[in-house]
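See structure below.
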Amino acid sequence: MPIAPGVAVPLTEVELRASRSSGPGGQHANVTASRVEAVFDVAASSALGEQSKARIVERLGPRPRAVAQEARGQARNREIALERLRERLAGALHVAPTRRATRPSRGQRERRLQAKRRTGARKAERRRPPSEQ
């Protein structure tokens, strides 16, 4: 299961559990185990490096999981649960680029001040003229 560029987790390391789904469904829901829970044990993974493991544990905990029970069939719920788990792991491994502080140019400052002056003038025109006595 690919997670990020250069990072993939084998499906053998993902534990899939099936149970009965909640909600409506009549007799069908009472006899089929269509709800699927995908659990990934980070510490036991051989596919991830120590840095990746630490990042996932910090953001998602030691055993991130995803549950799916929307579809009627177990196979479709398994696909949905695995995709949700993949998205959660990819989000945990994502490193945001560091922000570099920048300064607005002189032209940008001038345009901002001109816009403020135009707005002030427009509002001043709406006001009632001063009464001359």
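The values are calculated or read from the model by the stated rules, or taken from the named source; none is laboratory data. All of these numbers come straight from a predicted model, not from anything done at the bench. Backbone-built Cβ (ideal geometry, glycine too); neighbour counts: all protein chains shown.
Which residues, taken from region 54-78, are exposed (fewer than 15 other Cβ atoms within 10 Å of the Cβ) and modelled with pLDDT of 90 or more?
First, the residues of region 54-78 that are exposed (fewer than 15 other Cβ atoms within 10 Å of the Cβ): 54, 58-59, 61-63, 70, 72-73, 75-76.
Of everything in region 54-78, those that are exposed (fewer than 15 other Cβ atoms within 10 Å of the Cβ) and modelled with pLDDT of 90 or more turn out to be Ala54, Glu58, Arg59, Gly61, Pro62, Arg63, Ala75, Arg76.
Restricting to region 96-133, give me the number of residues that are within 30 Å of Arg63 (Cβ to Cβ) and either among the small types (Gly, Ala, Ser) or touching a residue at least 12 places away in the same chain (Cβ under 8 Å) (or both).
1
Would you point out the residue of region 63-118, among those that are among the β-branched types (Val, Ile, Thr) and touching a strand residue (DSSP E or B) at 6+ places or on another chain (Cβ under 9 Å), that is farthest from Phe40 (Cα to Cα)?
First pass over region 63-118, keeping only residues among the β-branched types (Val, Ile, Thr): 67, 80, 95, 98, 102.
Narrowing the set further to residues that are touching a strand residue (DSSP E or B) at 6+ places or on another chain (Cβ under 9 Å) leaves 67, 80.
Values: Val67: 12, Ile80: 15 Å.
Per the criteria, the residue is Ile80.
What's the total number of residues in region 92-124 that are surrounded by 10 or more Cβ atoms within 10 Å (Cβ to Cβ) and among the hydroxyl-bearing types (Ser, Thr, Tyr)?
The qualifying residues number 1.
Given the residues Arg99, Arg112, Arg84, Arg122, which is the only one that is of a type in the set (Lys, Arg), within 24 Å of the chain's Cα centre (by Cα) and assigned to a helix (DSSP H, G or I)?
Values: Arg99 fails: assigned to a helix (DSSP H, G or I); Arg112 fails: within 24 Å of the chain's Cα centre (by Cα); Arg122 fails: within 24 Å of the chain's Cα centre (by Cα).
Answer to the selection: Arg84.
Here are some conditions: (1) surrounded by 15 or more Cβ atoms within 10 Å (Cβ to Cβ); (2) assigned to a helix (DSSP H, G or I). Ser45 meets all but one. Which one does it not meet?
(2)
Output yes when any residue across region 94-115 is under 26 Å from Ala8 (Cβ atoms) and hydrophobic (A, V, I, L, M, F, W, C), and no when none is. Steps first, answer last, please.
Of the residues in region 94-115, the ones under 26 Å from Ala8 (Cβ atoms) are 94-97.
Filter once more, so that each one left must be hydrophobic (A, V, I, L, M, F, W, C): 95-96.
Yes, region 94-115 contains a residue that is under 26 Å from Ala8 (Cβ atoms) and hydrophobic (A, V, I, L, M, F, W, C).
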